[in-house]
Amino acid sequence: MKSLLFQFILVPFVILNFVNNVNAGITSRFVREEWPSVDIPLDHEVFAVPKGYNAPQQVHITQGNYDGNAVIISWVTFDEPGSSKVQYGKSDKNYEFSAEGKMTNYTFHKYNSGYIHHVLVDGLEYDTKYYYKTGDGDSAREFWFQTPPMIGPDVPYKFGIIGDLGQTYNSLSTLEHYMESGAQSVLFVGDLSYADRYKYNDVGIRWDSWGRFVEKSTAYQPWIWSAGNHEIEYMPYMNEVTPFKSYLHRYPTPYLASKSSSPMWYAIRRASAHIIVLSSYSPFVKYTPQWKWLEEELNRVDRKKTPWLIVLVHVPIYNSNEAHFMEGESMRAVFEEWFIHHKVDVIFAGHVHAYERSYRISNIRYNVSSGERFPVPDESAPVYITVGDGGNQEGLAGKFRDPQPDYSAFREASYGHSTLEIMNRTHAVYHWNRNDDGKKVAIDSFVLNNQYWSSNVRERKLKRHYLNGMRMIAS
């Protein structure tokens, strides 16, 4: 019955996907008056500091190992270090287990961070709701999270995709709409707080406010982090020249679990997906650590266990907006052939403050001396999707290149978020949802066919057809 229902739901999406692939790309002409692209004042309730002495704040979790049965729980205390201990269990207020972590802090100009706690909680059961408590005494705070199902080829799972969020009223609209989506984890494609738009002590203060701002989601489900240019924070005028200093202290990643040498690039497996996080702002050319790691990680992917291969990166590989046009070209030249060879399904990026989806195209036939100069349709290529439309204070990137390139399927300069709902090993349903005057409106939707399993089905059909033909000749 469930399979029949999915087939019924699938029909309109297949039709939409077919239509989009036989017509020229669409540039949406939708325009609305957005809320001001300014950060919400610090005294707003969305930044409220939890009550109580040394109460934990800015609570967030991310995946803690390669296969999803561990989490890293992080929070900040300000009055004193306190305990880096998490109590947890499978029923509310019955914390039968505990885990100890570590505490760190840092300075940025004259700003002194709070005490930042990171605790790895591992050995968890799959597909289980856990309750957890951080902090001490009357100021302790309680939350919960759900572990993913065990790794498997037909395990359904729903991801949200958010990028370039910031902390404006538009950001708040995106966050609240996402929380209504029913997604189970966020794939975050970089540019978190936009604290680097400030100076001196306000940089650290705006990191703290952002942590409190997103806590209503990040404390209850894992956000899978990647870094963008606004995390670099290279500010020589303040004697701050260590890239990613605030980000790396605050937002850990399980990079060691995927044999990465840096928290800036790593991989995880979750449900039926293998997710690779790349760093646009770390060296990636041939022989560098990130290049070498990606070569090895792609060879570790087992599509019979995790059919869906998803890549996250901040700078779009393909982009037809005037903003940041061709900034991803150097990474495209290095990695595009690998993406096609390994049948990557979809690549999500941010950076450009608009939405855009590509057709399946590639430009691997071109080199500096010969070959086709333009991207061409390629069924083996991933779909490239830009979702840098979270709502930050820099505003929308409203100027697209004209005419719309052949590789661009749909584009619109609006704020919003996306979801990718994996149904089984062959199909996933994708939505982009616009923030429309305070409402969530689904604008771009299609069924994503799995590159590995769809191509294998085609190959099996061709082989069967060939063998039947040979039998007929022999008879």
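The values are calculated or read from the model by the stated rules, or taken from the named source; none is laboratory data. Everything numeric in this text was worked out from a predicted model, so none of it was measured. As a convention, Cβ positions derive from the backbone with ideal geometry for all residues, glycine included, and neighbour counts pool all protein chains shown. To get the accessible areas, we keep the full protein, side chains included, count just its heavy atoms, and leave off ligands, DNA and RNA. Shrake-Rupley method; radii C 1.70, N 1.55, O 1.52, S 1.80 Å.
Brief remarks on what is shown
- Looking across P153, P148, one residue alone is in contact with a Ser or Thr (Cβ under 9 Å, 6 or more places away or on another chain), open to solvent by less than 10 Å² (accessible area, probe 1.4 Å) and not in a strand (DSSP E or B). It is P148.
- Wholly enclosed strands (runs of 3 or more DSSP E) of segment 38-133 bearing at least 3 residues open to solvent by less than 30 Å² (accessible area, probe 1.4 Å) and of a type in the set (V, I, T): 57-63, 71-77, 115-121
- Taking segment 257-294 as the range and being of a type in the set (F, W, Y) and buried (at least 20 other Cβ atoms within 10 Å of the Cβ) as the test, the residues that pass are W265, Y266, F284, W293.
- Among the residues of segment 285-304, none qualifies, meaning not one is closer than 29 Å to K129 by Cα, free of Cβ contacts under 8 Å to residues at least 60 places away in the same chain and touching a helix residue (DSSP H, G or I) at 6+ places or on another chain (Cβ under 7 Å).
- Test: residue in segment 160-171 that is in a helix (DSSP H, G or I), open to solvent by 10 Å² or more (accessible area, probe 1.4 Å) and closer than 21 Å to A354 by Cβ: yes
- Failed condition for G211, given (1) touching a strand residue (DSSP E or B) at 6+ places or on another chain (Cβ under 6 Å); (2) buried (at least 21 other Cβ atoms within 10 Å of the Cβ); (3) under 28 Å from H342 (Cβ atoms): (3)
- Among the candidates Y384, Y407, Y415, residue that is touching a strand residue (DSSP E or B) at 6+ places or on another chain (Cβ under 9 Å) and closer than 17 Å to N449 by Cα: Y384
- Given (1) at negative phi; (2) touching a strand residue (DSSP E or B) at 6+ places or on another chain (Cβ under 6 Å); (3) open to solvent by less than 40 Å² (accessible area, probe 1.4 Å), number of the condition G391 does not satisfy: (1)
- Some residue of segment 190-204 being hydrophobic (A, V, I, L, M, F, W, C), at pLDDT 95 or above, part of a strand (DSSP E or B) and open to solvent by less than 10 Å² (accessible area, probe 1.4 Å): no
- Single residue of segment 412-427 satisfying the filter (part of a strand (DSSP E or B) and open to solvent by 10 Å² or more (accessible area, probe 1.4 Å)) that is nearest to Y355 (Cα to Cα): E421
- The listed residues are S362, S370, and the only one of them that is more than 30 Å from G166 (Cα to Cα) and open to solvent by 30 Å² or more (accessible area, probe 1.4 Å) turns out to be S370.
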